[in-house]
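The values are calculated or read from the model by the stated rules, or taken from the named source; none is laboratory data. Everything quoted here is computed from the prediction, not taken from an experiment. Don't worry about glycine lacking a Cβ; one is built from the backbone with ideal geometry, like all the others, and counts go over all protein chains shown.
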Amino acid sequence: MTHNLILRVIAKFLIPLIIVFALYVQFHGDFGPGGGFQAGVILSAAIILYTLVFGLDAAEQIIPPTILRLFASMGVLLYIGVGVITIFLGGNYLDYSVLGSTQIAGQHLGILLVELGVGISVFSVMLIIFFSFAGRGKT
């Protein structure tokens, strides 16, 4: 892989901005457009940009594939766990109103947790797929 100084400098400038925008989309998702899926895609795009500029080995040192598989599982478990907790608290599956002291507080907490689970899963799965395709010629 050739080392292009301009690409590296621009990537080092853009990647933190992309990550901040992904966090904004994630945590603003219950108040407006956006949420877990979009934030997961944006966050994975930052890591994909890092991989394209600095190489697959450098990206796998930052986020190893085993950690990605763990994150993918944790995201799904968080989503399912919120639904199971609502059942144990006396509501229906994913009836967020039982999660808080008021119905609105429960709705906000439930949406936040479910969207966080979706975001973690989408981020992880997109990177697992990208790393699989990017490393297929690697021995």
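Quick notes on this structure:
- None of Val118, Val114 is in contact (Cβ under 8 Å) with a residue 24 or more places away in the chain, surrounded by 16 or more Cβ atoms within 10 Å (Cβ to Cβ) and closer than 30 Å to Ala58 by Cα except Val118.
- Unmet requirement for Leu23, which otherwise passes all of (1) over 18 Å from Val122 (Cα atoms); (2) of a type in the set (A, V, I, L, M, F, W, C); (3) at pLDDT below 95: (1)
- Failed condition for Ala134, given (1) aliphatic (A, V, I, L, M); (2) within 15 Å of the chain's Cα centre (by Cα); (3) surrounded by 16 or more Cβ atoms within 10 Å (Cβ to Cβ): (2)
- Residue under evaluation Ala105, criteria (1) more than 20 Å from Gly29 (Cα to Cα); (2) surrounded by fewer than 14 Cβ atoms within 10 Å (Cβ to Cβ); (3) free of Cβ contacts under 8 Å to residues at least 60 places away in the same chain, criterion not met: (1)
- Residue pairs whose Cβ atoms lie under 7 Å apart, separated by 6 or more positions or on different chains, with the first residue in the range 1-27 and closer than 27 Å to Leu112 by Cβ and the second in a helix (DSSP H, G or I) and among the aromatic types (Phe, Trp, Tyr), are Ile15/Tyr50.
- Sole residue being within 27 Å of Phe13 (Cβ to Cβ) and in contact with a Gly (Cβ under 6 Å, 6 or more places away or on another chain), chosen from Leu56, Leu127, Leu49: Leu56
- When restricted to residues that are exposed (fewer than 15 other Cβ atoms within 10 Å of the Cβ) and either of a type outside the set (S, T, N, Q) or in contact with a Cys (Cβ under 7 Å, 6 or more places away or on another chain) (or both), the range 57-75 contains 8.
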